[in-house]
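Structure first, commentary second.
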Amino acid sequence: MAVSADLIERGRAAAMITGGAEAGICRSGLAGFCSAGALSTRNDDPEHACRPFDRDRDGFVMGDGATCVIVEELQHALDRRAPILAEIIGIGMSGDAHHITEPCPDGAGAAIAMTRALQDAGLTPADIDYINAHGPGTPAGDRAEAIAISEVFGDLAGSVPVSSTKPIHGHMLGATGPTELALCIRTLHEGIIPHTLNCDDPEPEDLDIVRDEPREADVDLVMSNSFGFGGHNVTLIIRRYDQ
């Protein structure tokens with residue numbers, strides 16, 4: 001997604017179909033992530049297994065899926081009268097390379113990606129209305145992202161809504177980023193922030209984790225985080241487009 005938007009901004013393309021598809025629920029896929037200690041072992045209670053930002057989290061739950069979007073240069077979309085759903089206005093990427101699976105414990109790589117996205121969009125943390133967190137439900141991943149959010153947003157960290165949708169659709173690996181971006185677009189249009197299922201005892205307590213039920217809000221600017229194994233960190237900022 002970020003690469004497609006960058007190519008269009010550089011004038012190397014007018015429109016691109018981009019996204020992800022994943023079917024990782026197979027013996028080899030499950031065995032690999034089990035060996036890495038990344039999956040939840042709450043097999044006797046699958047509905048409550050994925051618990052992002054909950055003190056009792058123990059790993060993510062895999063999912064299969066696919067989502068694609070059309071990323072297009074604005075004038076090109078206007079000329080063909082395309083229904084413009086949102087604008088990508090900020091892109092931030094980093095590679096902290098701390099570990100082959102675990103994120104940098106102090107959230108440094110994630111913080112760099114979020115900071116660069118804000119800078120690219122010409123925004124400050126006060127402008128963001130909602131953060132769609134990567135929030136996989138792993139002890140290390142959630143902790144590092146929470147630290148990064150606190151570092152980037154400072155005193156505002158407790159006032160910006162944060163949620164993870166992975167308990168709903170699972171961690172679809174390469175398809176997760178575009179799927180969560182699509183959900184962010186729906187948030188812009190419907191004014192409903194999705195909640196974080198199974199977050200009964202939030203950690204940390206100083207973030208505004210949306211839980212229990214969805215929250216109605218006037219949302220114009222959304223930050224979406226996607227942080228992968230090996231320290232591959234991407235943050236996108238999208239804005240509601242008023243035609």
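The values are calculated or read from the model by the stated rules, or taken from the named source; none is laboratory data. Quantities reported herein were computed from a predicted structural model and do not represent experimental measurements. Note that we place each Cβ from the backbone using ideal geometry, even for glycine, and neighbour counts take in every protein chain shown.
Arg51 falls short on exactly one of the conditions (1) of a type in the set (D, E, K, R); (2) surrounded by fewer than 17 Cβ atoms within 10 Å (Cβ to Cβ); (3) under 20 Å from the mean Cα position of the chain (by Cα); (4) modelled with pLDDT of 95 or more, and that condition is (2). Restricting attention to the range 134-163 and to residues that are touching a helix residue (DSSP H, G or I) at 6+ places or on another chain (Cβ under 8 Å), part of a loop (DSSP other than H, G, I, E, B) and of a type outside the set (A, V, I, L, M), the residue that is surrounded by the most Cβ atoms within 10 Å (Cβ to Cβ) turns out to be Gly135.
Taken over the range 100-129, the criterion of being surrounded by fewer than 24 Cβ atoms within 10 Å (Cβ to Cβ) and outside any loop (DSSP other than H, G, I, E, B) is satisfied by Ala108, Gly109, Ile112, Thr115, Arg116, Leu118, Gln119, Asp120, Ala121, Pro125, Ala126, Asp127. Within the range 59-66, does at least one residue satisfy the condition of being under 21 Å from Gly141 (Cβ atoms) and modelled with pLDDT under 95? Within the range 59-66 (the criterion being under 21 Å from Gly141 (Cβ atoms) and modelled with pLDDT under 95), the answer is no, since none of the residues qualifies.
Every residue, every condition in (1) touching a Gly at 6+ places or on another chain (Cβ under 6 Å); (2) part of a helix (DSSP H, G or I), yes or no:
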| residue | (1), (2) |
| --- | --- |
| Cys184 | no, yes |
| Leu188 | no, yes |
| Asp200 | no, no |
| Ser226 | yes, no |
| Gly230 | no, yes |
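Considering Ile70, Ile89, Ile112, Ile131, the condition of being touching a helix residue (DSSP H, G or I) at 6+ places or on another chain (Cβ under 6 Å), at pLDDT 95 or above and not charged (D, E, K, R) is satisfied by Ile89 alone.
Taking the conditions (1) more than 26 Å from Gly32 (Cα to Cα); (2) surrounded by fewer than 17 Cβ atoms within 10 Å (Cβ to Cβ) in turn, Ile168 satisfies each one other than (1). Looking at the range 14-45, which of the residues that are in a loop (DSSP other than H, G, I, E, B) and touching a residue at least 60 places away in the same chain (Cβ under 8 Å) is nearest to Met172 (Cα to Cα)? Here the answer is Gly24.
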